[in-house]
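The values are calculated or read from the model by the stated rules, or taken from the named source; none is laboratory data. Not measured: the values here are computed from a predicted model. Counting neighbours? That spans all protein chains shown, and the Cβs are built from the backbone with ideal geometry, glycine included.
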Amino acid sequence: MEPVSYVVTDGIAVITLNQPERRNALSAAIRTGLRERFEQFNADGAARVAIVTGAGTKAFCAGADLKEMAEESIGLPGRDFMPILNRNIWVDKPVLAAVNGAALGGGFLLAMMCDLVVTVEHAMFGMPETKWSRGAPWSVPLSWMIPQRIWMEMALTGESIDAHRAYAIGLVNRISTPEHLMADTIQLAAKIRDNAPLTVNATRRMIYMTTEMGRTAAWDVADALFERVYSSEDAIEGPRAFREQRLPQWKGR
Ligand code: COA
């Protein structure tokens, strides 16, 4: 079994961390595999949406491989230590997380950096770095996702929050059961897959770029992003499909 596998079905790529006996911790093999799989997804014309998940039911990803770190005396991880979406690797298609269990440290990061998150009741989200004298500089985007008091408490105490708390504060989109997690995540991914690809792409960009700038500048950028969408063939195909009561045939142009 590869450390990170990649399977595409009906336009949805499933990227799976495959070391459940180590709780899918971010070993060198997992980090390399993850980067390769994101690159594969980006280049894959047959895949419109990706889902990242972990094998097993205990953990989505237990974060930094503490044993490997202890053995190799890893100090400063470096900016490319692991692939981080929107930081050191960019994909221009949506990525969802199906969080099947604990998401701790870098595992929390892995869920956080995805566009949408579906999880299970027994999942835990936390950043225990403060317990190990490591750090969570990666947690900066939480500033746009959850209230500061909650971020502060999680980061300073290293205590995890459960799936219901994560849902209540808007950190996850859906809570499912272990039996239905993949089906529910695929259902959510399929809704996005079937939508107009140019609009999906521009919308993701708009939402992330908005966090980088003030309101007027963001509005200008959003207008510019959507010019291409409005002037596309797909922008006529959508209303035509509605009028003719049929499914749209997207061309992505
Ligand atoms: N790095 C390396 N190995 C890890 C690991 C990690 N982050 N997390 C778990 N493992 C290993 C354990 O050492 C154990 O190995 P062993 O069977 O050889 O003894 C195996 O995975 C199972 O771990 P265990 O703790 O028994 O599983 P669990 O299901 O009871 O608990 C977690 C799962 C994820 C809650 C728990 O393992 C945990 O808290 N891990 C550490 C998380 C962490 O602090 N990450 C670092 C962030 S900086």
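For this structure, a couple of remarks:
- Met209 touching a Leu at 6+ places or on another chain (Cβ under 9 Å) and surrounded by fewer than 16 Cβ atoms within 10 Å (Cβ to Cβ): yes
- With respect to (1) out of contact with any helix residue (DSSP H, G or I) (no Cβ under 6 Å at 6 or more places or on another chain); (2) surrounded by fewer than 18 Cβ atoms within 10 Å (Cβ to Cβ); (3) on the phi < 0 side of the Ramachandran plot, the lone exception for Gly170 is condition (3).
- Residue within segment 62-71 that is under 25 Å from Ala123 (Cβ atoms), within 19 Å of the chain's Cα centre (by Cα), within 9 Å of the ligand (Cβ to nearest atom) and in contact (Cβ under 8 Å) with a residue 60 or more places away in the chain present: yes
- One residue stands out among those in segment 107-135 that are part of a loop (DSSP other than H, G, I, E, B) and modelled with pLDDT of 95 or more: the one that is nearest to the ligand (Cβ to nearest atom), which is Met127.
- Filtered residues of segment 10-32 (kept if over 15 Å from Leu96 (Cα atoms) and away from the ligand (no atom under 16 Å from the Cβ)): Asp10, Thr32
Table: residues versus (1) touching a Ser or Thr at 6+ places or on another chain (Cβ under 7 Å); (2) outside any helix (DSSP H, G or I).
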residue	(1), (2)
Arg149	no, no
Met154	no, no
Lys191	no, no
Tyr208	no, no
Glu212	no, yes
Ala218	yes, no
Gly238	no, no
Leu247	no, yes
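- Whichever residue in segment 217-253 is among the basic types (Lys, Arg) and within 27 Å of the chain's Cα centre (by Cα) and, among such residues, is surrounded by the fewest Cβ atoms within 10 Å (Cβ to Cβ): Arg253
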